[in-house]
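One structure is given below, encoded as structure tokens.
Here, each number is a calculation from the coordinates, and none is a lab measurement. Being a predicted model, the structure only gives us computed values, none of them experimental.
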Amino acid sequence: MDAGGWKALMTDFAEGRMNGPAFESRFLEMFRAHRNGPMPYAVDLTFYAVDAYCADPALRDTDDIDEGQLRDQVRGYLARLDEPWPEPGRN
């Protein structure tokens, strides 16, 4: 998948046109479908944010993030969507 499909999904969530559970579901569906192909670095980073997201406050742990925190992270990663993968051994 090219960056355009990821950008559309991430933009919809970042701009509030999609709630957290819907974004989580659609993102993971797309991630699974395209995990064996080239993927933008920012999408890989977004995966870890989605993994830390917990929609239910009663189940949320100190390491989990809520919808607002997920949205903030997605906004940041959206701005980095065209950023290349770092070279191995460099942070």
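What to note about this one:
- Here the Karplus relation 6.51 cos²θ - 1.76 cosθ + 1.60, evaluated at θ = phi - 60°, turns the backbone of region 20-28 into coupling constants of x, x, 5, 5, 4, 4, 5, 4, 5 Hz, with x for every Gly and Pro.
- Expressed in units of 2.2 N^0.38 Å, where N is the residue count, the Cα radius of gyration of region 3-78 is 1.03.
- Tilt relative to the chain, helix 3-14 - C-alpha long axis, 0 to 90 degrees, to 10: 20 degrees
- Computed [θ] at 222 nm, helices only, for the chain once each DSSP H run of length n ≥ 4 contributes -39500 (n - 2.57): -17500 deg cm²/dmol
- Computed on region 3-78, with alpha-carbon pairs under 8 angstrom and 6+ residues apart, the relative contact order is 40 percent.
- Each residue of region 32-38 is assigned a 3J(HN,Hα), and the resulting list reads 5, 5, 10, 5, 8, x, x Hz, derived from the Karplus form 6.51 cos²θ - 1.76 cosθ + 1.60 (θ = phi - 60°), x at Gly and Pro.
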